[in-house]
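Asks: Please read through the structure below; I'll follow up with questions.
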Amino acid sequence: MPKQRRCPYCRRLFAPDPRLKERQSTCGRHECRRNRKRQSDEEWRSQHPDYFRGSYQQQKEAYGTRAEYKKLYRQRNPEYVRRNAAFVKKWRQRRRKAQPESVSPTSRDLRLSIWKQRGSISITHISHTSRDIFVSLCEKEA
């Protein structure tokens, strides 16, 4: 059995995973892993200070920013702008209609949605648990 170690962040004892041998440095809790990752990233950035400098400016000069690209694309493609505007308008209308009134969990109101265009339905049995209501339906013969 591997020796127990102390996590450098939360100071708890933990048994390292035998597959990782000596490489596991934290206990594995989310906060400790996040702190270890932050520390590792800081160490890497201090050893490679120029890694993220320089290339962005060259790319920006060559290609422009995303906002500039999208603006140019919209100017060159007016049909796209019309289609997108129509789509957004319909989406907003559907979203407004789709928001039902909220019902309190202690309310006696029962909201039932049925997606059948014709027919008559009767409720034959209602039972409930502490969280759910079960309704048995049968279709009436017309």
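Asks: Over the stretch 5-47, what is the relative contact order in whole percent, taking alpha-carbon pairs under 8 Å and six or more residues apart?
Replies: 31
Asks: While we're on this one: Using 20 Å as the cut-off for backbone N distance, which residues of the stretch 10-52 belong to the label zone defined by a point 7 Å from the Cα of LYS3 along Cα→Cβ?
Replies: From the stretch 10-52, the list is 10-28.
Asks: If you don't mind, another one. Given labels modelled 7 Å from the Cα in the Cβ direction, how far is it in nm from GLN58 to ARG45?
Replies: 2.2
Asks: May I ask you to order 91-97, 3-9 by the average number of other C-beta atoms within 10 Å around their residues, highest value first?
Replies: 3-9, 91-97
Asks: Ok, one more. Between the DSSP loop rule and a limit of at most 12 other Cβ atoms within 10 Å, which chymotrypsin sites (Phe, Trp or Tyr not before Pro) in the stretch 36-88 are left?
Replies: TYR51, PHE52
Asks: Just give me a number: lysine pairs in the stretch 55-96, eight or more positions apart or cross-chain, with C-alpha atoms less than 22 Å apart.
Replies: Summing the qualifying lysine pairs gives 4.
Readers should treat all values here as calculations from the given coordinates under stated rules, not as data from a laboratory. Just so you know, these numbers come straight off a predicted model, no measurement behind them. Here Cβ is always computed from backbone atoms with ideal geometry, including for glycine, and neighbour counts include all displayed protein chains.
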